[in-house]
Amino acid sequence: MSKQYLTTHTVDNAHTTDIFALATTSKAILSASGSSTLHIYDTTDPTFPLKQSISNAHKLGCHHICASRNGRVAASAGFGGEVKLWSYNQDSGEWSQDGEVSTSATKPGEAWALALSEDGSYLAATTNDGRINVWDTTKEGKPKIQDYETGTPGSGSFGMSVDLSMDGKFTASGHQNGAIYIFNNDTGRIAFSLSGLAKPVRAVAFSPGSTRLAAAGDAGIIAIYDMKHGEHVSNLTGHASWITTLDWSDSGEYLLSGAMDGKAKVWSVERSTCVATHSETDKALWAARWLPKTGRSEMFCTAGANRSISFYREATGN
Amino acid sequence: MPQPTSLNHPINQPLDTVARSPGFTTPIPTTHTTADVITKIETLLGRVLDDIANKNELCIDVVAESRSSSAIKFAQIILILQLSHDAHVANEILTKRHIYYQHQELFGTQRRADDLVDRLALTLGSSRDDLHIVAASKGLVAGALKVTLQDESIVDASVPETGVIIPPARTIQRLDTSTLRWVLVVEKDAVFRSLCSSRYWQTSLCGNGLLVTAKGYPDDLTCAFLRLLLDKDQRLPMMVLVDFDPDGVNIFRCYKYGSSRQNSLGATGVHWLGIKSRHILNLRGAASPRSQQNAMPSTAITSTNCADPVAYLTFRDRRLAKGTLGRLDTPGDDDPQAFELRKELQVMLMLGTKAEIEWLDEAGNLATWLDTEIAQFLHGNVVHP
């Protein structure tokens, strides 16, 4: 049985250059691109109007942006190496900068991929030499509290992706050499070293219940791992090009993926099958995200090299 | 008032007596700045001679450097001034390479010799060319071009199989570009030689062209030569082909916008043919007349069917990409090529991969690719009748 998703809206020319990242909250989408401006689109309005623009957020452009699940904290990383934190003001409905985490400016790639914990208290970022730094965003000066190593110091493989589990227990990282590491945040040690992909891992994502990890990249395969024992439990196959982005639905039933050939796919995790494929464009997709479920229909959005944000709604055929 | 010092560093050779091996210089015409530079050098040397005669402390202030009290450095400077003066009077040109090699014990490294030449040029308020000292040319050129030098000899770039060394711009009297329809500057020597051996400049579907390489980052002589071509014909399409990597983007940036020595080819003079991300991300060849010859269809580098090994960005690559992004970031800049360069660097960082020009060759035929890309470029520009 397949699912039907309809293209409900496209924000054309959402940015003046390629869009590299999206973050979603219950009310908005935050988008980042090669320009220095971050945009916020209102998802409570069916026309998804531009609600706020933050100029000069990242001088050399922005490659990653993420938001906490509770929608109050966001973080973004620029090509210049800076990482900024943003907080949402519920009264004004606007985002404003809430400081910066201290990264070594002399090491580009010192902060590449980003992830925030469920309530935004912790921020994780990957580095050029394969480490994962974790900061406490709630304390004065936003101190670094963890520095996970994946190789002998200075020699790890470039960290391409990172995620924090919703229950706060694990940090996952994907690397250029195909390695995937799971760190136990309570003990500060590696819990699992996962194999199976052998090519750059561009996306890792914990399921909402924190029991599964999905990982994908240049192999074109989505690998699913069990977090109880670190076992490789299944593969989702069907993409013909590098997978750049992954996102779990709220229920954990479905996985959304986006690829370099412009194709977005929805997968049934339980049945390990692709239930929908969409390609509004044949250009690279750098981001695909579910919108938090607020009505009867599930929705997701995609963005990438065509500079538009496309919205898809599940067709309720019943 | 310091005590006069004894002569601890006498000049070993009197002026005008330095012997030179025959043939290492090229006769050139006197320019209107020659007399000025000669006068400046003679004034400077005269002051040194006066100091010697009066037993004063010997010193020469050099721009951007504290007063030199090093005997070796002093000797280095005097030697360069002397060689420059002699080259001027004899109407000849020296190369920096020659200065170093003839006096290696004195300078120690080529870089030190080069640095002093540049500092002296600044001190005298001249360019290095005005000192009659030039960088040795590493550029090569091959194709439909005849160069008449000032001595009336002719360099025909179409004859040698592997191209000819680019002559210094100031030795060139005339360029015959009558049959020339395009210029392609290639980053790598290996690609240049490959295109020469297949005589691509002649067999190209886009007409007769000129192939140029500076073997990596552009040197002053190659840039000066390219500027001469553009001065002769501002509509001459000039394209640069570099690897898809941060060095490639930076090499093109140096051609177009200049490096620290301001040898830019100008805002409109030179264009980036590739390699760009679209060349490795999309299927290619379908539109090309020669595509029928290819046994296999081309494959995007991001396809899971792509069997070619992928090269990944290194730490140095990422650092260079960030630095180049910074140099290209000009607020209010509406230069579409600067915009494109920034976007390509960003996409390169997102991909985390790089690709060599040879990757195109392996995936198909470089000539086929070039025919398509050059034709597309020419179609978007004024083409010669």
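At-a-glance table
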item	result
Whichever residue in segment A:164-177 is buried (at least 20 other Cβ atoms within 10 Å of the Cβ) and within 19 Å of A:G151 (Cα to Cα) and, among such residues, is modelled with the lowest pLDDT	A:Q176
Selection status of A:S53, surrounded by fewer than 23 Cβ atoms within 10 Å (Cβ to Cβ), on the phi < 0 side of the Ramachandran plot and among the hydroxyl-bearing types (S, T, Y)	yes
Residue within segment A:72-79 that is on the phi < 0 side of the Ramachandran plot, away from chain B (no Cβ under 11 Å) and outside any strand (DSSP E or B) present	yes
Enumeration of residues in segment B:305-319 that are in contact with an Asp or Glu (Cβ under 8 Å, 6 or more places away or on another chain), at the interface with chain A (Cβ under 10 Å from one of its Cβ atoms) and free of Cβ contacts under 8 Å to residues at least 60 places away in the same chain	B:V310, B:F315
Selection count where residues are acidic (D, E) and within 19 Å of B:W272 (Cβ to Cβ), scope segment B:178-207	1
Residue list for segment B:189-199, restricted to those being in contact (Cβ under 8 Å) with a residue 12 or more places away in the chain, out of contact with any Asp or Glu (no Cβ under 8 Å at 6 or more places or on another chain), within 13 Å of B:V141 (Cα to Cα) and not acidic (D, E)	B:F192, B:R193, B:L195
Residue count for segment A:147-158, restricted to those that are surrounded by fewer than 24 Cβ atoms within 10 Å (Cβ to Cβ) and more than 20 Å from A:A205 (Cβ to Cβ)	7
All positions within segment A:231-250 that are more than 14 Å from every other protein chain (Cβ to nearest Cβ), part of a loop (DSSP other than H, G, I, E, B) and more than 14 Å from A:S207 (Cα to Cα)	A:E231
Residues (within 14 Å of chain B (Cβ to nearest Cβ), outside any loop (DSSP other than H, G, I, E, B) and among the hydrophobic types (A, V, I, L, M, F, W, C)) located in segment A:255-297	A:A259, A:L285, A:W286, A:A287
Condition check for B:A169: touching a Leu at 6+ places or on another chain (Cβ under 8 Å) and surrounded by 14 or more Cβ atoms within 10 Å (Cβ to Cβ)	yes
Filter result for the condition that a residue is within 14 Å of another protein chain (Cβ to nearest Cβ) and farther than 28 Å from B:D317 by Cβ, over A:S36, A:S2, A:S55	A:S55
Checking A:R69 against (1) in a loop (DSSP other than H, G, I, E, B); (2) more than 11 Å from every other protein chain (Cβ to nearest Cβ); (3) more than 22 Å from A:G174 (Cα to Cα); (4) not aliphatic (A, V, I, L, M), the condition it does not meet	(3)
Residues (part of a strand (DSSP E or B), farther than 20 Å from B:T304 by Cα and within 16 Å of the chain's Cα centre (by Cα)) located in segment A:181-211	A:A205, A:F206
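The values are calculated or read from the model by the stated rules, or taken from the named source; none is laboratory data. The structure presented is a predicted model; accordingly, all values stated were derived computationally and were not measured. Cβ sites come from the backbone with ideal geometry, for glycine too, and all protein chains shown count toward neighbours.
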